[in-house]
1. Show the residue pairs meeting these rules: Cβ distance below 9 Å; 6+ apart or different chains; first residue within the range 127-138 and within 26 Å of Ala179 (Cβ to Cβ); second residue among the basic types (Lys, Arg) and part of a strand (DSSP E or B).
2. Restricting to the range 139-162, name every residue that is aliphatic (A, V, I, L, M), in contact with a strand residue (DSSP E or B) (Cβ under 8 Å, 6 or more places away or on another chain) and either closer than 21 Å to Ala205 by Cβ or in a loop (DSSP other than H, G, I, E, B) (or both).
3. Go through (1) loosely packed, with under 13 Cβ neighbours inside 10 Å; (2) farther than 23 Å from Gly38 by Cβ for Leu125 and report which single condition fails.
4. Only residues in the range 147-170 that are within 17 Å of Thr86 (Cβ to Cβ) count as the first member; pair them with residues that are surrounded by 14 or more Cβ atoms within 10 Å (Cβ to Cβ) and among the acidic types (Asp, Glu), Cβ under 7 angstrom, at least 6 apart or cross-chain, and list the lot.
5. Here is a list: Ala67, Ala101, Ala53, Ala81. Which entry is open to solvent by 20 Å² or more (accessible area, probe 1.4 Å), at pLDDT 95 or above and touching a Phe, Trp or Tyr at 6+ places or on another chain (Cβ under 7 Å)?
6. All but one of (1) modelled with pLDDT of 95 or more; (2) in a loop (DSSP other than H, G, I, E, B); (3) not basic (Lys, Arg) hold for His117; which doesn't?
7. Among the candidates Ala67, Ala132, Ala87, single out the residue that is outside any helix (DSSP H, G or I) and under 22 Å from Val36 (Cα atoms).
Amino acid sequence: MTNKIALITGASRGLGTALAKALAPTHHIVAVARTVGGLEELDDAITQAGGTATLAPMDITKPDAMAQLCRSIHDRWGGIALWVHTAIHAAPLTPVAHMDAKDWTNSVAGNVTPLGHLIPYIAPLLGRDGQAVFFDDPAAAQMYHGAYGASKAAQITLARAWAAESAKSGPKVHVLTPAPMPTATRARFHPGEDRTALTHPDAEAARLLQLLD
């Protein structure tokens, strides 16, 4: 491979976009998200900086689409060096006793079920030497975060189990904790918050990438 390949799921905004831009000088970016406009803006930024990207406007909750993407990656490049998973569904804050059934279903469908498909699909692409990155959120355990918090905890449990299982054989699986950032997801949970006190996603992406091997 002339460039290392980095697969970013959830690349169209926030930390996903920032990580894609930070990795672009050293990796060809495969950017996955449902938001076409966000992917196109990311592609413009990467191209202007001299990097390259392949846009995959896909829904990670569709197993067949993800299987096709992974097969295409295998056929074109043979594998990837890095998988960064930032896609998240953030249900509205509400007391658990008043949680809407649809919000619960969407949280599990967006945050938990996809990993049950993606990890088996992507692990062979990473091989022994690749790295996978997931992001914990300590705030998910707070009150009113029931649907988001429970589904996020399940997601991270899968990631930690995979990390333990592959510790000796590879790939290297990281679970990192980002600093609070002024993202759209955080704005939904903390309306009216002073965003100037938060860490910009670009700065946080640079810090998090330094933690990788």
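1. Sorted first by the residue in the range 127-138, then by its partner, the pairs are Gly130/Lys172; Gln131/Lys172; Ala132/Lys172.
2. If we filter the range 139-162 for residues that are aliphatic (A, V, I, L, M), which is where we start, we get 139-141, 143, 147, 150, 153-154, 156, 158-159, 161.
Narrowing the set further to residues that are in contact with a strand residue (DSSP E or B) (Cβ under 8 Å, 6 or more places away or on another chain) leaves 139, 147, 156, 159.
Once the filter is applied, which keeps residues that are aliphatic (A, V, I, L, M), in contact with a strand residue (DSSP E or B) (Cβ under 8 Å, 6 or more places away or on another chain) and either closer than 21 Å to Ala205 by Cβ or in a loop (DSSP other than H, G, I, E, B) (or both), the range 139-162 yields Ala139, Ile156, Ala159.
3. It fails just one condition, (1).
4. Lys152/Asp137; Ile156/Asp136
5. Numbers: Ala101 fails: touching a Phe, Trp or Tyr at 6+ places or on another chain (Cβ under 7 Å); Ala53 fails: touching a Phe, Trp or Tyr at 6+ places or on another chain (Cβ under 7 Å); Ala81 fails: touching a Phe, Trp or Tyr at 6+ places or on another chain (Cβ under 7 Å).
Ala67 is the lone residue from the list that is open to solvent by 20 Å² or more (accessible area, probe 1.4 Å), at pLDDT 95 or above and touching a Phe, Trp or Tyr at 6+ places or on another chain (Cβ under 7 Å).
6. Failed condition: (2).
7. Values: Ala67 fails: outside any helix (DSSP H, G or I); Ala132 fails: under 22 Å from Val36 (Cα atoms).
Being outside any helix (DSSP H, G or I) and under 22 Å from Val36 (Cα atoms) holds for just one of Ala67, Ala132, Ala87, which is Ala87.
Results for (1) over 25 Å from Ala187 (Cβ atoms); (2) small (Gly, Ala, Ser); (3) out of contact with any Lys or Arg (no Cβ under 8 Å at 6 or more places or on another chain), shown as yes or no for each residue.
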position	(1), (2), (3)
Val96	no, no, yes
Leu118	yes, no, yes
Ala132	yes, yes, no
Ser151	no, yes, yes
Thr157	yes, no, yes
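The values are calculated or read from the model by the stated rules, or taken from the named source; none is laboratory data. Just so it is clear, the model here is predicted, and its values are computed rather than measured. Here the Cβ is made from the backbone with ideal geometry for all residues, glycine too, and neighbour counts use every protein chain on show. Ligands, DNA and RNA are stripped out before the accessible areas are found, and what is left, the full protein with its side chains, is counted by its heavy atoms. Shrake-Rupley method; radii C 1.70, N 1.55, O 1.52, S 1.80 Å.
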